[in-house]
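Just below is one structure, and these are the notes that go with it.
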Amino acid sequence: MAPRKNILYLFDVDGTLTKPRQKIANDLKDFLLNEVKPRVAIGLVSGSDYPKIVEQMTGEEITNEFDYVFCENGVMHYRQGELKSTQSILNYIGEQTLQKVINFALGYMSKLELPAKRGNFVEFRSSMINICPVGRSCSQSERDEFSRFDIEHKVRAKFVEALQNEFQGSKLTFALGGQISVDVFPTGWDKTYCLEHVADENFSEIRFFGDKTTPGGNDYEIYNDARTVGHHVTSPDDTKHQLKQCLNIN
Ligand code: M1P
């Protein structure tokens with residue numbers, strides 16, 4: 001095989017390489033590592049934190065096979081399992097603003113009537129807060145049920161609008177997370193953040209593959225960024241299909 005090109009392919013995780021919050025399928029994993037990686041550099045860029053990505057990639061060994069692992073939109077940057085850089089939303093916005101956001105979110109969610117409510121409604125991460133009306137400790141079937149309810153009733157879209165109105169001028173971005181949650185992070189700490197970490201590598205081309213590419217989705221900014229060639233995908237199978245086309249693999 002010809003030497004690897006100085007090109008980087010970046011992949012969102014949920015909805016792009018896996019079904020939301022599920023593990024990557026073996027055939028796609030093998031395809032990425034045995035067919036794609038020998039041709040171009042590969043990286044993950046997810047809104048999720050490191051433990052969730054490791055779980056979805058089926059372990060740290062496989063996760064470390066990726067040239068880059070960008071968690072929490074790239075604000076948490078890992079290479080070969082080592083944390084290279086990080087940021088703190090707490091330091092950035094301060095305790096007072098953080099509590100205002102959490103208090104408003106909890107108050108808003110307390111008035112929602114949903115098919116189910118479980119626990120872990122606010123997950124505090126290094127560089128973002130993840131807010132989840134059904135609660136992150138819901139089961140897979142409760143997650144799917146909320147997702148269907150959300151598609152019909154636009155629960156999260158209305159929540160995002162209420163947060164945006166309440167915190168106008170706060171320099172915070174409120175974006176739809178994956179299937180059941182809303183990510184809150186300082187404006188600019190979206191997935192384009194990860195591009196700063198690879199700027200010195202002078203890749204001749206960076207392609208990004210993601211499913212949430214419309215406004216309000218957490219792939220929107222990087223998909224539309226001038227530094228990337230954006231690919232909208234509809235499922236892990238579609239990602240594989242588009243990769244075969246890009247790399248001329250039969
Ligand atoms: O797809 C990335 C998102 O994954 C999870 O979303 P959800 O639980 O809503 O499906 C969260 O980790 C979220 O922060 C992240 O952006």
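The values are calculated or read from the model by the stated rules, or taken from the named source; none is laboratory data. Computed from a predicted structure; not experimentally measured. Note that each Cβ is placed from the backbone with ideal geometry, even for glycine, and that neighbours are counted across all protein chains shown. To get the accessible areas, we keep the full protein, side chains included, count just its heavy atoms, and leave off ligands, DNA and RNA. Shrake-Rupley method; radii C 1.70, N 1.55, O 1.52, S 1.80 Å.
Which whole-number percent is the relative contact order of the chain (Cα, under 8 Å, 6+ apart)? RCO, the chain: 22 percent.
Take the chain and mark each of the GluC sites (Glu not before Pro) that is in a DSSP loop with at most 16 other Cβ atoms within 10 Å; the longest unmarked stretch, sites excluded, is 114-250.
Can you tell me the relative contact order of the stretch 1-148? Whole percent, Cα pairs under 8 Å, sequence separation 6 or more. The value is 15 percent. The stretch between S235 and E65, if pulled fully straight at 0.36 nm per residue, gains 59.0 nm over its current Cα-Cα span.
Based on the reciprocal of the average 1/r between different C-alpha atoms, the Kirkwood radius for the stretch 24-162 equals 17.1 Å. The label-point distance for K19 and E196, in a model that sets each label 7 Å from Cα toward Cβ, rounds to 3.7 nm. In the context of the full set of protein chains, residues of the stretch 133-250 present 48 Å² of accessible surface per residue (probe radius 1.4 Å, heavy atoms only). Cross-link check: pairs K23/K171; K23/K244; K117/K191 evaluated at a Cα-Cα cut-off of 25 Å; pairs beyond the cut-off: K23/K171; K117/K191. Applying 0.36 nm per residue to the separation of E35 and M1 and subtracting their alpha-carbon distance, the gain on full extension is 11.2 nm. On the basis of the beta-carbon distance and an R0 of 35 Å, N26 and E82 show a calculated FRET efficiency of 0.85. Residue-normalised convex hull volume from the C-alpha trace of the stretch 1-64: 80 Å³ per residue. With the convex hull of the Cα atoms taken as the outline of the chain, the averaged projected area works out to 13.3 nm².
Extension gain, E152 to Q164, is 2.2 nm, computed as 0.36 nm per intervening residue step minus the present C-alpha separation.
Between L90 and N224, the C-beta separation translates, for a Förster distance of 51 Å, into a calculated FRET efficiency of about 0.95. Computed on the stretch 1-77, with alpha-carbon pairs under 8 angstrom and 6+ residues apart, the relative contact order is 34 percent. For the stretch 1-52, which trypsin sites (Lys or Arg not before Pro) are both in a DSSP coil and crowded by at most 16 other Cβ atoms within 10 Å? Sparse-neighbourhood loop trypsin sites (Lys or Arg not before Pro): R4, K5, K23.
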